[in-house]
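This report concerns only the one structure given below.
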2 protein chains.
Amino acid sequence: MYAVKYELQKVCAQSGARAGVIHTPHGDIETPVFMPVGTLATVKTMTPEELKEVGSQIILSNTYHLFLRPGEDLIKEAGGLHKFMNWDKPILTDSGGFQVFSLSSNRKITEEGVEFRSHLNGEKLSLNPEKAMQIQNDLGSDIMMAFDECAPYPSDRDYIINSMNRTHRWLKRCKEAHKNPDRQALFGIIQGGMYKDLREESAKQITSVDLPGYAVGGLSVGEPKPLMYEILEHTTQFMPEDKPRYLMGVGSPDDLVEGVIRGIDMFDCVLPTRIARNGTAMTSEGKVVVRNATYARDFSPLDHECDCYTCKNYTRAYIRHLVKCNEILGARLISYHNIYFLHKLMKDIRQAIFDDRLLDFKEEFYKKWNPSFNTGSHIEK
Amino acid sequence: MYAVKYELQKVCAQSGARAGVIHTPHGDIETPVFMPVGTLATVKTMTPEELKEVGSQIILSNTYHLFLRPGEDLIKEAGGLHKFMNWDKPILTDSGGFQVFSLSSNRKITEEGVEFRSHLNGEKLSLNPEKAMQIQNDLGSDIMMAFDECAPYPSDRDYIINSMNRTHRWLKRCKEAHKNPDRQALFGIIQGGMYKDLREESAKQITSVDLPGYAVGGLSVGEPKPLMYEILEHTTQFMPEDKPRYLMGVGSPDDLVEGVIRGIDMFDCVLPTRIARNGTAMTSEGKVVVRNATYARDFSPLDHECDCYTCKNYTRAYIRHLVKCNEILGARLISYHNIYFLHKLMKDIRQAIFDDRLLDFKEEFYKKWNPSFNTGSHIEK
């Protein structure tokens, strides 16, 4: 019996998008769902109570970062990640693979795993499937990700084939090494770069390993959005319908709409919190760079259509003042709004699925949307 | 009719300390009271709701800083400082004098006022009694402070006499220039350095100007604590009993206890929020530098006797992790606790006054207290 079970509730007749529920040891998650990123056991600037207020059902935390600081042994001693950070809803942890490949230096990849140097102090460290499982078992997350290589873009076909096949072999070692399948769910990650036939092969290989969920990795790594959507659409068709599908490190509001239409249930991204700290809000009209001088005397809310705490109580002029003065409350208020905004978007998408009108919803969305966000990643630096 | 009225409720038979209520246009304040500092229209890291949760009755904001950013004209346009920052309880603003003398450069003091250069961009600016009143009138604070010179320590007698007499003349200009005495209360500030006879003279001069409250300035500027207590005690005896007495820029928990015993009703200091951002908590046992390695695996709360949100939900180990990683939530959680701690201390002091046992309370306090805090100032840098 797996720790996590997906229940399909509805397929949108217009788009084919899915609405469902993921049952986990720390409660149910209504999908499609956006997961805020709490890299270092904190979603930057937010308390757990605020996350619940804005509608977070599950958060993501980064294995690589927690391995470095404070160390998984300390978190285990604290009673696990949920208790350590005072969050009693579900947590998903990544495997550390993405960070090893994007943050660390002096990497050496072998069949065994990866040797690298810490991005903090240059310390020589290594991760491999067994270690990634041990750390995540110690953290006690509800959903654990397999250790994989997220290949860079662009990569040539030979590199991708080699990397993908190793990821497939690593998945088997992960499943083998995972100690608590009844309490923590292991998800496999499909790779294959921008090559459709390799994506198909990877999807078939990965989903042939019986697991409670599967992810699409290696997208949103710098490729153009149309290519990402094309590869995603090609990949999800080979994924089972009775398991949750997670698109890693995505994204921006438009990518969420496009991803759900292509059959994705779960997303994560640092975008809402990262841009908040730079003074940028996601709104129903698109991006609002509230730091800009044009908002200095704008006494209206960040988003005129929003009813979150920030929008009910503060003006653009005040938030801009805070951002300009590097006041923490500025980052807090925008982070709060941005996460609320993405959760609200997901709720609206879910409703449109139940109403068999997600393509109409998409059209309405783009009419108002200013498509100026780059897709982010799933790690807070 | 003045905007602010003091009601004396009780004099402690043991210590002579006062308990009372200050009635203001934005509600009543029970005294003795500690006022958190919201330099730039925000008490660093905190929302107004959180301030209310921890027990803040009134906050202080800095005229000099708001004059520079975002400018008092913008705040006036926003409907005043209360509305701008979403705080509906009382606000006290200082006059900018202290900052001009401590932060800016190229100062030129004349009878007219002070010319100086902004600490932000070197811009040439000036403040004088009339300008300080105009700014504070525009901000709309409940309590405004007179424009004075806070002389440095040590200063020779001639410097202090000259500076103090100018401050006395400036007070008359402030009263003259103040536009809304029925809606905003102007407090005068007693100076006189560390010279008892000059303190007496200043107290008599300042309180001869009929105003709804008076402050003691020019203390906690670097002098030893015993000297501060001595000068303070000497000064308060010349202050009227029917008006609130405010000791500016103080302080640390021990200074609050000592100040109340010497007849003070109001205090402000950046200490709780500033040390929080450096990873230091005020606790019932004294200072806890939670950033230190000794707390890495301490799974107990910041303060074992505290029942605030932070202490009920988080461990020293987790908070230390946040502080070490420069996570905003770390500064938030400690700021929340530290302000709660000072408000709780003031409540306990107030109760001890009603119970005629403040000297006993002081003795109990020092038994547990580790007197390692330096007195802070009333400006967040």
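Of note:
- 39 Å tail of the calculated P(r), the protein assembly as shown, as % of Cα pairs: 44 percent
- Among A:Tyr246, B:Tyr229, B:Tyr159, the order by Cβ neighbours within 10 angstrom, fewest to most, reads B:Tyr159, B:Tyr229, A:Tyr246.
- Global size of the stretch A:197-294 as Cα Rg and Dmax, reported in angstrom: 15.8, 55
- Nm distances between copies for A:Phe354, ranked from closest, using label points 7 Å along Cα→Cβ: 5.1
- Mean separation of Cα contacts under 8 Å (6+ apart) over length of the stretch A:261-307, as relative contact order %: 27 percent
- Helix B:328-354 axis versus longest C-alpha principal axis of chain B: approximately 70°, rounded to the nearest ten.
- Inter-part distance where the stretch B:303-334 and the stretch A:278-357 are each reduced to a Cα centre, Å: 27 Å
- In chain B, the longest principal axis of the Cα atoms and the axis of helix B:129-139 are about 50 degrees apart.
- Its relative contact order, with pairs defined as Cα atoms under 8 Å and 6+ residues apart, puts the stretch B:50-149 at 32 percent.
- Square roots of five times the Cα gyration tensor eigenvalues for the stretch A:7-121, Å: 30, 20, 12
- Three-way shape call for the stretch B:134-285 based on the alpha-carbon gyration tensor, with the a/c threshold at 1.5: oblate
- Members of A:Lys172/A:Lys347; B:Lys108/B:Lys324; A:Lys312/B:Lys243; A:Lys225/A:Lys344; B:Lys83/B:Lys367; B:Lys52/B:Lys172 lying beyond 32 Å, as alpha-carbon distances in this model show: A:Lys172/A:Lys347; B:Lys108/B:Lys324; A:Lys312/B:Lys243; B:Lys83/B:Lys367; B:Lys52/B:Lys172
- Remark: B:Phe354, B:Phe267 ranked as B:Phe354, B:Phe267, counting other beta-carbon atoms within 10 Å and listing the fewest first.
- Other-copy label distances relative to A:Glu112, 7 angstrom Cα-Cβ extension, nm: 7.8
- Whole-Å distance, taken between Cα centres, linking the stretch A:210-258 and the stretch B:212-270: 64 Å
- Take each residue in A:37-44, count the other chain C-beta atoms within 10 Å of its C-beta, and the mean is 4.
- Tilt relative to chain A, helix A:157-177 - C-alpha long axis, 0 to 90 degrees, to 10: 80 degrees
- By the rule of a C-alpha distance below 12 Å, with chain neighbours fewer than 8 residues away ignored, the aspartates and glutamates paired with B:Lys362 are B:Asp254, B:Asp255, B:Glu258, B:Asp348.
- Among chain B residues, the one whose Cβ is nearest the axis of the rotation from B to A, given with its distance rounded to whole Å, is B:Ile328, 3.
- Taking B:Lys225, B:Lys368, B:Lys344 as the candidate residues, the one with maximal mean-square fluctuation in a Gaussian network model of chain B, Cα springs under 10 Å, is B:Lys368.
- Computed on chain B, with alpha-carbon pairs under 8 angstrom and 6+ residues apart, the relative contact order is 20 percent.
- Cβ-isolated cysteines (cut-off 4.7 Å), chain A: A:Cys12, A:Cys150, A:Cys174, A:Cys269, A:Cys308, A:Cys325
- Using a 7 Å projection from Cα along Cα-to-Cβ, the label point at A:Gln9 is separated from the same position in the remaining copies by 5.1 nm, smallest value first.
- Peptide B:279-289 has a mean shielding of 0, counted as Cβ atoms of other protein chains within 10 Å of each residue's Cβ.
- Neighbourhood net charge (14 Å Cβ-Cβ; Lys/Arg +1, Asp/Glu -1) for B:Leu302: +2
Here, each number is a calculation from the coordinates, and none is a lab measurement. All values reported here derive from a predicted model rather than from experimental measurement. Here Cβ is always computed from backbone atoms with ideal geometry, including for glycine, and neighbour counts include all displayed protein chains.
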